[in-house]
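Colleague: One structure is given below, represented as structure tokens, and several questions about it will come after.
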Amino acid sequence: MKKKFVILFLIFYFFFGISALKGYAEESSDYLSYSEIMLSSGKLIRYYTQEEYEQLIKKTEGGYWMDILVIIDNKAVDGSYISNTLYSVENTSKTAIEYNLEYSIETNNKVSFQTSESLSASGGGTIKKVKVECAAKASIDYSTTTSTSVKEKRTMKLTIEPDSRLIVYLTGEVTVTNGVCAVYYWWVRAYVGAFEFVTLKSQFSKMEKRSIWKKEL
């Protein structure tokens, strides 16, 4: 009887794990393309050392039958970011240059959700449950995490003085919540990995002007 139970468990585990892989769709993770994110404390998951990561994973031991364990390491940590450069130009002439720059900013509090490959391998159905559990533990409204990006077009009039460089980029405020999560089937830890929520709170453009110093020959 015990042998039959083990065989049935292995069949279920194999079928669930393999078939679920086909239905998984990666969540939004736009913040990964930001050139810099500065947090008031803690750090992003991608900057954790292997030792720090393993210490968090140890906290997921001892799960139950069909259980999802969530361990929060950084919760709602405030930070700022610098996104991609919108415009960069040098004016080496003796006359000023005027330019109208059109760009888009995100105007809603979009939440990006990212998981490690080891956890995302649990598949579409399970990863949605993981997302709900992580959002609940992090006190994040689940409906917000599924919101789509709302972008608003803006126009900026630029003046590039002689012998100067102009750089325009996006910046703003975010909050970060991250940690690790484990999925248990029949008291067996089937999947474990890191997760991260990054909430975009604000976004605006910033302009910097720098002089170009020419060396005389």
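Colleague: What full-extension length gain, to one decimal in nm, is calculated for TYR53 and SER35 as 0.36 nm per residue of separation minus the Cα-Cα distance?
Modeller: 4.2 nm
Colleague: How far apart, in nanometres, would the label points at GLU61 and SER80 be if each is projected 7 angstrom from Cα along the Cα-to-Cβ direction?
Modeller: Result: 4.3 nm between the two label points.
Colleague: In what sequence, highest mean first, do 45-53, 101-109 appear when ranked by Cβ atoms within 10 angstrom?
Modeller: 101-109, 45-53
Colleague: For the stretch 22-211, what class follows from the C-alpha gyration tensor (a ≥ b ≥ c being the square roots of its eigenvalues): rounded when a/c is under 1.5, otherwise prolate if a/b is larger than b/c, else oblate?
Modeller: It comes out prolate by the Cα gyration axes.
Colleague: With label points built 7 Å along Cα→Cβ from the Cα atoms of LYS209 and TYR99, find their separation and express it in nm.
Modeller: Placing both labels 7 Å beyond Cα along the Cβ direction yields 1.4 nm.
Colleague: Quick one: which residues, 5 or more positions from LEU86 or on another chain, have an amide H under 5 Å from its amide H? H modelled 1.01 Å from N in the peptide plane, none for Pro or chain starts.
Modeller: When sequence neighbours closer than 5 places are left aside, the close amide H contacts are VAL168, TYR169, LEU170.
Colleague: For the pairs LYS151/LYS201; LYS59/LYS110; LYS43/LYS128; LYS157/LYS201; LYS59/LYS137, note any where the Cα-Cα span goes beyond 18 Å.
Modeller: LYS59/LYS110; LYS43/LYS128; LYS157/LYS201
Colleague: Hey, any idea what the orientation-averaged projected area of the convex hull of the stretch 156-217's Cα atoms comes to, in nm²? It would help to have the intermediate numbers written out before the result.
Modeller: Numbers: hull surface 34.9 nm².
With the hull built on Cα positions only, its mean projection is 8.7 nm².
Each value in this text was obtained by applying a stated rule to the coordinates, not by laboratory testing. On a predicted model such as this, the values are computed, not experimentally measured, just so you know. All Cβ positions, glycine included, derive from the backbone under ideal geometry; neighbour counts span all protein chains shown.
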